[in-house]
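Participant: Just dropping this structure here.
The values are calculated or read from the model by the stated rules, or taken from the named source; none is laboratory data. Everything quoted here is computed from the prediction, not taken from an experiment. Reconstructed Cβ throughout: ideal geometry from the backbone, glycine too, with neighbour counts over all protein chains shown. Just the protein is used for accessible areas: all its heavy atoms, side chains included, with ligands, DNA and RNA removed. Shrake-Rupley method; radii C 1.70, N 1.55, O 1.52, S 1.80 Å.
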Amino acid sequence: MLHTKIIDASKNEKIEISKAENFLNQSKFGAVIYFVGTVRDLNENKTVTGITYDAKESMVIKSFEEIYKEAETKFKFENIAVFIEHIKGYASLGDTSIIIAVACKHRAQAYEFSRYIIEEIKKRTPIWKKEHYE
């Protein structure tokens, strides 16, 4: 089971962890892992004031789906649910840029699956970011 979405900050949409919690609220899972990426204030010794993310939604969603399917094949865990949302547009310091929530039968599986997904998204998903500096 997979949920993917690009949240458009220019329309005042926000990523909300409560949506992930609602999506994964099922008794068949023994573990749920939430990864929340936020805009930090310093990168490579430069003071960051915000980030603009750009993405073509259809390409990003396709990438998320491919990564999920690869993880399913690789790990062969049963009863997995994954929630992925990423922001598009301008994000201020402290704003959430991505949520990845993974629900599995056991905690070790949830950690492994979640880690695989975020690492592959960072490597392969066509989301471009432009950091803004002081």
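Participant: Using a Gaussian network model on the chain with a 10 Å cutoff between Cα atoms, which of ASP54, ASP95, ASP41 fluctuates the most?
Facilitator: Per the Cα network of the chain with a 10 Å cutoff, ASP41 tops the list.
Participant: Here's a follow-up. For the range 1-62, what is the accessible area per residue in Å² when the probe is 1.4 Å?
Facilitator: 64
Participant: Please go through the residue pairs LYS14/LYS123; LYS5/LYS130; LYS5/LYS122; LYS19/LYS105; LYS28/LYS74 and name each one whose alpha carbons sit more than 18 Å apart in this structure.
Facilitator: LYS14/LYS123; LYS5/LYS130; LYS19/LYS105; LYS28/LYS74, as the Cα separations exceed 18 Å there.
Participant: Sorted from largest down, give the three principal axis spans of the alpha carbons of the range 4-134, whole angstrom values.
Facilitator: Answer, in whole Å and largest first: 47, 30, 26 Å.
Participant: Go ahead and estimate [θ] at 222 nm for the chain from helices alone: -39,500 (n - 2.57) per DSSP H run with n ≥ 4, summed, over the residue count, rounded to 500.
Facilitator: After summing the helix terms and dividing by the residues of the chain, the value is -10500 deg cm²/dmol.
Participant: So how tilted is helix 57-75 from the main axis of the chain? Cα-based, degrees 0 to 90, rounded to 10.
Facilitator: 40
Participant: Only Cα pairs within less than 10 Å get springs; with that Gaussian network setup on the chain, which residue of GLY37, GLY94, GLY50 has the largest fluctuation?
Facilitator: It is GLY94.
Participant: Quick one: among LEU24, LEU42, LEU93, which has the greatest mean-square fluctuation in a GNM of the chain with alpha-carbon springs under 10 angstrom?
Facilitator: Residue with maximal mean-square fluctuation among LEU24, LEU42, LEU93: LEU42.
Participant: Please sort by residue number the trypsin sites (Lys or Arg not before Pro) in the range 1-97 whose DSSP state is loop and whose Cβ has at most 16 other Cβ atoms within 10 Å.
Facilitator: Of the trypsin sites (Lys or Arg not before Pro), the ones in loops of the range 1-97 whose Cβ has at most 16 other Cβ atoms within 10 Å are LYS14, LYS28, ARG40, LYS56, LYS76.
Participant: Per residue, how much accessible area does the range 64-119 have with a 1.4 Å probe, in Å²? All intermediate terms of the calculation are to be shown ahead of the outcome.
Facilitator: On the way: 2660 Å² over 56 residues.
For the range 64-119, the per-residue accessible area is 47 Å².
Participant: Computing the accessible area with a 1.4 Å probe over protein heavy atoms, can you report the carbon and sulfur percentage for the chain?
Facilitator: Result for the chain: 46 percent of the exposed heavy-atom area is carbon or sulfur.
Participant: Still on this model: For the Cα atoms of the chain, what angle does the longest principal axis make with the long axis of helix 107-124, in degrees from 0 to 90, nearest 10?
Facilitator: Tilt of helix 107-124: around 40 degrees.
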